[in-house]
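The values are calculated or read from the model by the stated rules, or taken from the named source; none is laboratory data. Just so it is clear, the structure is predicted and the values come from calculations on it, not from any experiment. Virtual Cβ from ideal backbone geometry, glycine too; neighbours counted across all protein chains shown. Ligands, DNA and RNA are stripped out before the accessible areas are found, and what is left, the full protein with its side chains, is counted by its heavy atoms. Shrake-Rupley method; radii C 1.70, N 1.55, O 1.52, S 1.80 Å.
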Amino acid sequence: MVYAILAAGLLIGMPIAFAILAALIYFMAVGEFPYHIRVVASEMFRGLNSYPLLAIPLFVLAGELMNESGITSRIIAFANVLVGGMRAGLAQVNIWASVIFAGLSGSAVADTSALGRVFIPEMEKHGYDRAYAAALTAASSVIGPIIPPSIPVIIYALIVSGASVPALFLAGVIPGLLLAAFLSAYVALSVKSDRISDAPNLSDQSRRSALFGGILPLLMPVFVVGSILMGVVTPTEAASFAVAYALVIGLFVFRTIRPSALPRIFSEAMRDSSVILIIISVVAAGNWLLTYNRVPNLLTDWVLSNVDGQTVFLLATIAIFLIAGLFLEGIAAMLVLVPILHPIAVSLGIDPVHFGIIVIFNLMIGLITPPMGLCLFVAEGIAGVGMARLTRAILPFFLVEVAVLIVLTFVPETVTFLPRLLGY
């Protein structure tokens, strides 16, 4: 009956958090001691009673403020100076603007929304297929939560006791850049240059202006991540610094944020944060039930007795998370599966930082896969090309991202090199 309630909730379009909550409440109401409805409430509160969790709404707010500051055009101009002269230059700018934007928002959905409104119509104007432009924007937005600062990394560190946020931040840099490089290579090979007319070359003065205009936005991730790596601040304190930096930039430097807009910006950040926090609290209650019934222990014992080595386990992990990403929001899937799979990975001798990035990268691919891919929905909402057409257009990009995932999985040095180099 519990599974029926959960399945029914998901089938009718109920948010995953409320579907889990409905199933939990039913189970606790009809179960015997120690099951009780008050356990749901207490475990939900316990799941949120964590100081590091403050980093999530703060980073969301910092992203909202930076978006409102009008930095999107500055980032695009900066990226255009760097890669605009390459083959399929406008598509290349789309990809590398996502790399830069990743250091500001840490959110793939924010990336798709902000950059998609500019790039999708602009790329169509220069001869690119509109569905192709939307697919590329959504696919490159996956870079956002991989390159630091990253909200999924903070959540992963909360799930896994002892996980190092600085180490995970550093571990995401090369995978994010590798994904951008693979997408860039695919675009250069796939786009037929005779069908497109990219923007004309910039003058020297325009180049200098674009480079200087991009400096202040680029300094935010440098200060935020750098202060964490140097041990000056915790991730939560760094998030509050990011908010202060974004406020100063928007209100006093660029002067693009009006004081009257602040209530709206704060309320939007509160709304977006509440979605994440509700999922965390509900899944925390569900995890209590699994732990009480020793499900993680039983599953760990079964896997260790039946799975022959790291390779099989890693392939199984990729399959599990890719399938989960089809139906579950990434954070929910992480909260449900990581407490079960992480101890198994450690038991098999897999580096915890390596495994963490594999999980995060895996689930971020789910943002561009139907039927639950949030970036896919955002891109389609902007492009208006229909989900079927957009799904066909994004398939090659999905395969490129899976190829990068396989490289990261079986070449651990691509993930662990930077953390080890800097002593993490």
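Side notes on the structure shown:
- Once divided by 2.2 N^0.38 Å, the Cα radius of gyration of the stretch 39-181 becomes 1.18.
- Once C-alpha pairs closer than 8 Å and six or more residues apart are averaged by separation and normalised to the residue number of the stretch 133-266, the relative contact order reads 20 percent.
- In degrees, nearest ten, helix 310-327 long axis to first principal axis of the chain (Cα): 80 degrees
- Per-residue 3J(HN,Hα) values for the stretch 246-254, derived from phi via the Karplus relation 6.51 cos²θ - 1.76 cosθ + 1.60 with θ = phi - 60°, read 5, 5, 4, 4, x, 7, 10, 9, 7 Hz in sequence order (x marks Gly and Pro).
- Mean accessible surface per residue for the stretch 1-158, computed with a 1.4 Å probe while every protein chain stays in place, in Å²: 38 Å²
- Cα Rg, Dmax, the stretch 1-119, angstrom units: 21.9, 68
- Dipole size of the chain about its Cα centre, with +1 on Lys/Arg Cβ and -1 on Asp/Glu Cβ: approximately 700 debye, rounded to the nearest 20.
- Which label in (1) 26, 58, 16, 1; (2) 25, 54, 20, 1; (3) 27, 62, 11 gives the computed P(r) over Cα pairs in 20 Å bins from 0, in percent: (1)
- Maximal additional length on extending the Ala8-Phe327 stretch stands at 113.5 nm, based on 0.36 nm per residue less the C-alpha distance.
- For the stretch 248-283 and the stretch 48-70, distance of Cα centres in Å: 7 Å
- Hull shadow area, averaged, the stretch 221-287 [alpha-carbon convex hull, nm²]: 6.1 nm²
- Percent accessible area from carbon and sulfur atoms, the chain, protein chains only, probe 1.4 Å: 68 percent
- Looking at the stretch 228-368, the accessible area is 44 square angstrom per residue; that uses a 1.4 Å probe and ignores ligands, DNA and RNA.
- For the chain: relative contact order, % (alpha-carbon pairs under 8 angstrom, 6 or more apart): 25 percent
- Rel. contact order, % - alpha carbon contacts under 8 angstrom, at least six apart, the stretch 36-171: 24 percent
- Rg over Rh for the stretch 117-197 works out to 1.14, using Cα positions for both radii and the Kirkwood form for Rh.
- Sum of side-chain charges, Ile143 neighbourhood, beta-carbon under 11 Å (Lys, Arg +1; Asp, Glu -1): -2
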